[in-house]
Every structure is written in C-alpha cells, then in structure tokens.
Amino acid sequence: MNFRRYYISGSAVFITQVVHDREPVFREPKHANLLREILRNVKELHPFMMLGYVFLLDHFHMIIQPTGESNFSNIMQSLKSNFTREYKKRLGLSTSQSMKFWQKRFWDHVIRDDGDFENHLHYIHYNPVKHGYVKDPRDWKDSSYIEWEKRGLYPPAFNWDEPNDDVDWGE
C-alpha cells in the first residue's frame, strides 16, 4: 500500500488515532488523564496548538496546529511511543516488553479553510453522542466542547443535528 501524508507548514490537522483492537482503555479516567499528561509533555518537545479534541473509550480525535519545526507525524510518533512506555510502567510491565497499544497508523486530514475547521470541530464534539455515550456533548468531559462553548461557538442551548455523513472521519 502506498501511503502518503501531506505536510503544509502552519496548517491545522484533524487526527484520529485508534487503540489496538479497539480496546476501551480510556474508560478508565486514569488512562485518559495519562493521555492528557503525555500530550502536555509532547507539546514541550514538539510545539503545537491544541484546537479541539475528544477522548473516547477506544480512540481519540484532535485538531492540532504544529508551531515549531516538528510536523504532525513527529507529534504523533512521540505521543504514541511515550504514552505506551508510560502506560506499561504504570501497569508494572517492563518497558522493553513488546506491546501493541495503538493501531499502526493514524488518520489525518489537513484542514482546508474555516468551514472545514468548523465541520471537523463539530464532528469531534458530536462524537460522544454519535457513539451513544451521552445525549448532549456538554456531558462528555474529555472534550474541548465546553471551551468552545465559552468562546461563543455554541450557544448555551445549541441544538445538535448529526454532522454530514458524506465525510470520511477516519473511524
């Protein structure tokens, strides 16, 4: 399979990463918290702006914008390897022991314009509803929804319609 990624300096990128065999590891709040912690550490090594995110039970979506020399592949490689190493430590496993935690690749989409950004952000925020975890995106705590609501993107009584199903979201 010929796999190609497109890197456009300064662009925001929508990313989907799935856990191997869709194991619902992030059901445990301590593992979702570890993901947050590792993301903060990776941000120090490979600067980026987090524009939106949602952590679900077996995968996550985020929109990031690299701000340094690193590209989104560098960020994801660092995130995946550092998370897996720390996860193994916390389970009491040897860091040299092989473990498949993540699916091999991640799905990416370079954001084209403001409309594309907003569509992907809505998709991210609607995702917990789509999967049946909550009825209202406000109720899913592992998401940037509340931050965007505070910024005025969503009015307090926003009525959700399911996002456009014509788009391939990488799930």
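The values are calculated or read from the model by the stated rules, or taken from the named source; none is laboratory data. In this text the structure is predicted, and so the values were computed from the model without any measurement. When we count neighbours, we look across all protein chains shown, and the Cβ atoms used for this are built from the backbone with ideal geometry, even at glycine. The protein model used for the area step is the full one, side chains on, heavy atoms only, and it has no ligands, DNA or RNA in it. Shrake-Rupley method; radii C 1.70, N 1.55, O 1.52, S 1.80 Å.
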- Task: Kindly list the number of the only condition in (1) touching a residue at least 60 places away in the same chain (Cβ under 8 Å); (2) of a type in the set (A, V, I, L, M, F, W, C); (3) under 26 Å from Gly10 (Cβ atoms); (4) in contact with a Phe, Trp or Tyr (Cβ under 8 Å, 6 or more places away or on another chain) that fails for Ala32.
- Result: (3)
- Task: Please tell me if Leu79 is under 23 Å from Val110 (Cα atoms), in contact with a helix residue (DSSP H, G or I) (Cβ under 9 Å, 6 or more places away or on another chain) and either without any contact (Cβ under 8 Å) to a residue 12 or more places away in the chain or surrounded by fewer than 16 Cβ atoms within 10 Å (Cβ to Cβ) (or both).
- Result: no
- Note on the structure: Output for Cβ contacts, cut-off 8 Å, separation at least six or different chains, first residue part of a helix (DSSP H, G or I) in region 106-121, second open to solvent by 30 Å² or more (accessible area, probe 1.4 Å), reads Phe117/Leu51; Glu118/Leu153; Asn119/Asn164; Asn119/Val167; His120/His109; Leu121/Leu51; Leu121/Trp148; Leu121/Leu153
- The number of residues in region 1-25 that are of a type in the set (D, E, K, R) and outside any helix (DSSP H, G or I) is 3
- Over region 132-171, the set of residues open to solvent by 70 Å² or more (accessible area, probe 1.4 Å), modelled with pLDDT of 90 or more and either touching a strand residue (DSSP E or B) at 6+ places or on another chain (Cβ under 7 Å) or assigned to a loop (DSSP other than H, G, I, E, B) (or both) is Tyr133, Lys135, Lys141, Arg151
- Message: Scan region 45-53 and tell me whether some residue there is part of a helix (DSSP H, G or I), open to solvent by less than 60 Å² (accessible area, probe 1.4 Å) and either more than 25 Å from Asn71 (Cβ to Cβ) or out of contact with any strand residue (DSSP E or B) (no Cβ under 7 Å at 6 or more places or on another chain) (or both).
- Response: no
